[in-house]
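Here the structure comes first, spelled out in structure tokens, and everything after it is commentary.
The values are calculated or read from the model by the stated rules, or taken from the named source; none is laboratory data. All of these numbers come straight from a predicted model, not from anything done at the bench. Cβ: placed from backbone, ideal geometry, glycine included. Neighbour counts: every protein chain shown. Please note that ligands, DNA and RNA were not included when accessible areas were found on the heavy atoms of the full protein model with its side chains. Shrake-Rupley method; radii C 1.70, N 1.55, O 1.52, S 1.80 Å.
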Amino acid sequence: MSALYDTLRRHVDRGAVPGAVGLVARGADVEVVAVGSVDAGGTAPMARDSIFRIASITKPITAAAVLMLVEDGLLALDAPVEEWLPELAKPLVVRTPEAPVEDVVPAARPITVEDLLSSRTGWGFPSDFTLPAVQALFEVQKDGRHLQDWPDHDTWLRPLAQVPMLYQPGESWLYGTSSDLQGILIARASGRSLAEFLAERIFEPLGMTDTAFEVPATKRHRFTTAYDPAPDGTLGVSDTPDGEFAHAPRFLSGGGGLASTADDWLAFARMLLDAGGGLLSPTSVSRMTTNHLTAEQRERVTLFLEGQGWGYGGQVDVTPADPWNVPGRYGWVGGSGTAAQIVPQTGTVSVLLTQVAMTGPTPTPLMRDFWRCVAGV
């Protein structure tokens with residue numbers, strides 16, 4: 001069998017995951033390996049078309065949608081978002097990141113569309129979760145893997161606007177919140193729901209037939225069970241095929257709300273590698289896949305980026321810290337146990353889908369072994 005099969009099989013056999021789908025495409029040459037089963041009980045074997053909760057590898061798709069609206073002329077990168085998100089018109093910022101939430105100053109300038117795209121909005125998660133403003137944010141931005149507990153977009157925005165920002169707009173990269181704000185921005189600027197816009201402008205043109213915010217009954221036999229790992233190595237069920245994705249949630253999360261398959265994400269990746277494939281301009285793709293962070297901004301968030309950079313919606317590698325960190329490599333990981341990357345220089349796409357959640361921002365041993373395999377080392 002192939003090195004990819006051996007890599008995934010090893011982690012399934014030791015019980016880290018019930019199953020996994022790994023895809024590596026180099027141009028027209030595509031290898032897809034499915035190992036294990038869709039659940040820990042072995043109900044059905046894992047298959048190439050198994051459906052997973054892809055979590056934060058939703059983020060690049062959302063960023064691409066924002067750029068489509070920029071190209072449509074409905075948004076501009078330097079435009080203040082308060083035109084569409086008036087709740088965020090007068091944000092407050094804690095005087096220092098360590099300051100109590102009552103010690104605030106006005107934002108020095110408005111939040112822009114580009115701030116959202118580059119995750120430098122001022123709201124989000126840094127490496128230190130104990131900071132008072134971060135603790136306040138946790139009260140509003142709860143576990144993104146269980147969106148059925150979240151309110152609708154409008155209701156969610158109101159308490160978020162009352163949380164002071166950790167940094168001034170544009171000052172520092174912070175994780176998570178900006179992508180959910182992008183999803184709300186898309187809905188308000190387009191006049192359609194996020195689900196409708198993504199389906200019309202991305203999923204249907206690219207043939208991403210299994211990507212959505214819900215999984216219909218006719219497809220649930222292909223939908224994996226989701227698990228959380230316990231400290232003792234056992235797996236606890238966090239969601240079932242007939243659970244949270246049986247109906248679309250009130251909050252359609254641009255940061256992590258989609259279910260999808262390996263081949264669907266491959267279709268999206270190939271669009272990026274094809275300079276937008278007619279859906280996006282080459283300029284927009286370049287902006288997505290170019291690092292926008294300074295060295296200082298990258299250094300502040302090594303817990304998430306491990307020294308690498310950030311484009312729009314995904315990480316951009318800038319230093320060869322590990323064998324798989326090819327400068328220019330773009331993509332991200334999902335807290336549900338997923339990862340997807342492209343290497344524009346070589347036309348390589350890699351997608352790893354599992355159903356066992358990460359326990360923190362650090363990529364799992366399976367992810368690192370998968371990337372090592374893709375890199376051929």
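Residue-wise HN-Hα couplings along the stretch 317-334, as the Karplus relation 6.51 cos²θ - 1.76 cosθ + 1.60 with θ = phi - 60° gives them from phi, are 6, 10, 10, x, 5, 10, x, 8, 7, 7, x, x, 5, 10, x, 6, 10, x Hz; Gly and Pro carry x. Think of it as helices only: each DSSP H run of n ≥ 4 in the chain is worth -39500 (n - 2.57), and spread over all residues that comes to -8000 deg cm²/dmol at 222 nm.
Distance from the C-alpha centroid of the stretch 135-203 to that of the stretch 249-286: 18 Å, rounded to the whole angstrom.
Cross-link partners for Lys59 among the aspartates and glutamates, with Cα-Cα distance under 15 Å and sequence neighbours closer than 8 places in the same chain left out: Glu114, Asp115, Asp180, Asp264. Backbone amide hydrogens, once placed in the peptide plane, bring Ala44 within less than 5 Å of Val38, Asp39, excluding anything fewer than 5 places away on its chain.
For the stretch 236-247, backbone phi angles converted through the Karplus equation (6.51, -1.76, 1.60; θ = phi - 60°) give residue-by-residue couplings of x, 5, 10, 6, 10, x, 9, x, 5, 8, 5, 9 Hz, Gly and Pro being listed as x.
Other residues whose C-beta falls under 9 angstrom from the C-beta of Leu77 contribute a net charge of -1, scoring Lys and Arg +1 and Asp and Glu -1.
In a reduced charge model with +1 at each Lys and Arg Cβ and -1 at each Asp and Glu Cβ, the chain shows a dipole moment near 540 debye about its Cα centre. Can you list the lysines whose alpha carbon is less than 24 Å from that of Lys90, not counting same-chain residues fewer than 8 positions off? Filter leaves Lys142.
Among Val105, Val38, Val351, which one shows the biggest mean-square fluctuation in a GNM of the chain, springs joining Cα atoms closer than 10 Å? Residue with maximal mean-square fluctuation among Val105, Val38, Val351: Val105. Taking a cut-off of 12 Å between Cα atoms, list the aspartates and glutamates near Lys219, but don't count ones fewer than 8 places away on the same chain. The reachable aspartates and glutamates, counting only those whose Cα sits under 12 Å from Lys219, are Asp49, Asp210, Asp242. Ligands, DNA and RNA are left out, and with a 1.4 angstrom probe the accessible area of the chain is 38 Å² per residue.
Taking Gly207, Gly122, Gly311 in turn, the Gaussian network model of the chain (Cα-Cα springs below 10 Å) assigns the largest fluctuation to Gly207. Qualifying trypsin sites (Lys or Arg not before Pro) in the stretch 136-233, where qualification requires a DSSP coil assignment and no more than 13 other C-beta atoms within 10 Å, comprise Lys142. Among residues other than Thr346 with Cβ under 12 Å from its Cβ, the summed charge is +1 (Lys and Arg +1, Asp and Glu -1). Taking all protein chains as present, what is the carbon and sulfur share of the accessible area of the chain, in % to the nearest whole number, probe 1.4 Å? The nonpolar share, carbon plus sulfur, comes to 53 percent. Amide H to amide H distances under 5 Å link Gly334 with Ser56, Ile57, Ala339, where only residues 5 or more positions off or on other chains count and H is placed in the peptide plane. Once backbone amide H atoms are built at 1.01 Å from N, Ser238 has Ala226, Tyr227, Asp228 as its partners under 5 Å, excluding neighbours fewer than 5 places away on the same chain. Projecting the Cα atoms of Leu147, Ala199, Trp123 onto the dipole axis of the stretch 118-241, where Lys and Arg carry +1 and Asp and Glu carry -1 at the beta carbon, places Ala199 farthest toward the positive end.
Along the stretch 68-84 the Karplus relation, 6.51 cos²θ - 1.76 cosθ + 1.60 evaluated at θ = phi - 60°, assigns HN-Hα couplings of 4, 5, 5, 5, 6, x, 7, 10, 9, 4, 8, 7, x, 6, 5, 4, 9 Hz to successive residues, with x for each Gly and Pro.
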